[in-house]
1. Go through LYS63/LYS126; LYS112/LYS200; LYS71/LYS128; LYS114/LYS216; LYS112/LYS197 and tell me which ones have a Cα-Cα distance over 18 Å in this structure.
2. Could you put CYS233, CYS196 in order, starting from the residue whose Cβ has the fewest other Cβ atoms within 10 Å?
3. For region 60-67, in order, what is each residue's ³J(HN,Hα) by Karplus, 6.51 cos²θ - 1.76 cosθ + 1.60 with θ = phi - 60°, in whole Hz (x at glycine and Pro)?
4. Under the Karplus relation 6.51 cos²θ - 1.76 cosθ + 1.60, θ = phi - 60°, what is the ordered set of whole-Hz ³J(HN,Hα) values for region 145-156, x standing for Gly and Pro?
5. Order by neighbour count: MET150, MET18, MET236, fewest other Cβ atoms within 10 Å first, most last.
6. Which whole-Hz ³J(HN,Hα) couplings does region 19-29 yield from phi under the Karplus relation 6.51 cos²θ - 1.76 cosθ + 1.60, θ = phi - 60°, glycine and proline marked x?
7. Going through region 42-138, which GluC sites (Glu not before Pro) have at most 11 other Cβ atoms within 10 Å and a DSSP loop state?
8. With N residues in region 2-214, what two-decimal value do you get for its Cα radius of gyration over 2.2 N^0.38 Å?
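Here, each number is a calculation from the coordinates, and none is a lab measurement. What you see is a predicted model; the values in this text were computed from it and never measured. Cβ coordinates were reconstructed from backbone atoms using ideal geometry, including for glycine residues, and neighbour counts include every protein chain displayed.
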Amino acid sequence: MSLKKNIPNTLSTIRLFMALLIPFVFPGLSLSSKLLYFLTGNATDALDGYLARKWEVQSRYGKIVDPIADKSFNLLSLLFASLTINPLLLGIVIGEATIAAITSLHTISNIKSKNIDMSKLNLPSKTKLFIETADGLNVSRIGRKKAILMTASVAIAFLSSLVPALVFPASLLIAFTTIVEIPVITKYATEYYIDCKNYKIESSIECNATKRDLEKLKKAKEKLEKYKKIDQCSDMLDEKIIQKFKKEHKFENEEYAPALTDIDEVAENDVIDDKAYTKTYKH
């Protein structure tokens, strides 16, 4: 099982290194070599995803590295292809940059809405949280379908440089992919706007609830203060009753001290009931 778990991670790592090498190897490669390089990188992407699903193996490393390698490889390939093969690809580059910016803002907004303290997380944990949150956005499915179309556009752009007859079909596909970017960008922006609006509403409701709780606590505190004053007045009244009782009946000796502790049984409203007293304390 450990071997199966490492194979998808190894493929993701290879693709990440291939992405980092693109700026250095692409300028010196022939068109056919660039096309082969691009197809090999995307083959590792398809293969590691297939194996991970088939073997049901996932790891923290794979969750972080795979999407980074995927995005880096495709965007760098797209950028170099637009600069050296077909300028029409620049439209897709701009669309992808816009989507990446909106996705980043959307992801950060979602993380903030969860009240997660990012300062307490290390860099790998922050990266993992960012990637998982971005992958969980509602628009991610559209992004995956669009990525397939983008990959096909780059591949046919490379191929059209080797087969002149494919220049026109390649231009049509690139133009179509660029047009498709518009509704995708709109979808991403709409989802981001809706989530931000819902978050503001939820924050407002939470704030109002907090204000109501504070008002309840304030009223409860006022009642407690009122009851505290009543208790103090009651204690003072009890003390006066005891002093009056001692004065009127001249209980100075300690042998009558126990009687004073039960004074509330024979005293009410500052009036001593002689009959009750006579019955309870016989001299």
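1. Values: LYS63/LYS126 12 Å; LYS112/LYS200 12 Å; LYS71/LYS128 15 Å; LYS114/LYS216 27 Å; LYS112/LYS197 14 Å.
With Cα atoms farther than 18 Å apart: LYS114/LYS216.
2. Values: CYS233 10, CYS196 15.
The fewest-first ordering by Cβ neighbours comes to CYS233, CYS196.
3. 4, 4, x, 5, 8, 6, 4, x
4. So the J values, rounded to whole Hz, are 5, 5, 5, 5, 5, 5, 4, 5, 5, 5, 4, 6.
5. Values: MET150 25, MET18 20, MET236 10.
Lowest to highest Cβ neighbour count: MET236, MET18, MET150.
6. Values per residue, Gly and Pro as x: 5, 5, 8, 3, x, 9, 9, 4, x, x, 8 Hz.
7. Working: sites: GLU56, GLU96, GLU132; in loops: GLU56.
Passing both the DSSP loop test and the Cβ count: GLU56.
8. Details: Rg = 20.1 Å, N = 213, 2.2 N^0.38 = 16.9 Å.
Output field value: 1.19.
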